[in-house]
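Chemist: Dumping the structure here so I can ask a few things about it.
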Amino acid sequence: MFESPKLAARRRELLARCGEERRTAAIHSQELTHSVSGVESKVDKAMSLVARVKDHPGIIVGAVALLAGLIVVRPRRLAPLVSTGLVAVRALRTVNSVLPMLQNFRARQMQARVYH
């Protein structure tokens, strides 16, 4: 087929322009992919945090109590309260771990009385 020199030059010009636009689009695509992956990781972290709070609503109660404590009680008075709270938590954990043993002991005593 016969092509005019003017038309052939225009075709080469358009092909070169298309190639340059493809390279530019590829660069922008890589930048967008990198940006989106950063956003995705932040969204994943946020969703993980939401799931953790949903599974453990005590986190919210504790945070609100802490903020209320900071507002109501001055920070220098807060340290003794926190240490008292920690002692209470440790005591509860100890009681919860010892309670099943005491229940088993009492059950064995009751069985021993029935047999004697």
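Chemist: Within segment 23-44, is even one residue of a type in the set (A, V, I, L, M, F, W, C) and modelled with pLDDT under 80?
Modeler: yes
Chemist: Sticking with this one: Please indicate, with yes or no, whether at least one residue in segment 50-57 is surrounded by fewer than 10 Cβ atoms within 10 Å (Cβ to Cβ), at pLDDT below 80 and out of contact with any His (no Cβ under 8 Å at 6 or more places or on another chain).
Modeler: yes
Chemist: Among the residues of segment 1-58 satisfying the criterion of being in a helix (DSSP H, G or I) and hydroxyl-bearing (S, T, Y), which is nearest to the chain's Cα centre (by Cα)?
Modeler: For segment 1-58, the residue satisfying everything is S48.
Chemist: Do we have R93 as touching a helix residue (DSSP H, G or I) at 6+ places or on another chain (Cβ under 8 Å) and either hydrophobic (A, V, I, L, M, F, W, C) or in a helix (DSSP H, G or I) (or both) here?
Modeler: Considered against the rule, which asks whether it is touching a helix residue (DSSP H, G or I) at 6+ places or on another chain (Cβ under 8 Å) and either hydrophobic (A, V, I, L, M, F, W, C) or in a helix (DSSP H, G or I) (or both), R93 comes out as no.
Chemist: Same structure again: In segment 85-116, what residues are surrounded by fewer than 10 Cβ atoms within 10 Å (Cβ to Cβ) and hydroxyl-bearing (S, T, Y)?
Modeler: S97, Y115
The values are calculated or read from the model by the stated rules, or taken from the named source; none is laboratory data. The structure displayed is predicted, hence computed values, not measured ones. Heads up, the Cβs are rebuilt from the backbone with ideal geometry, glycines too, and the neighbour counts pull from every protein chain shown.
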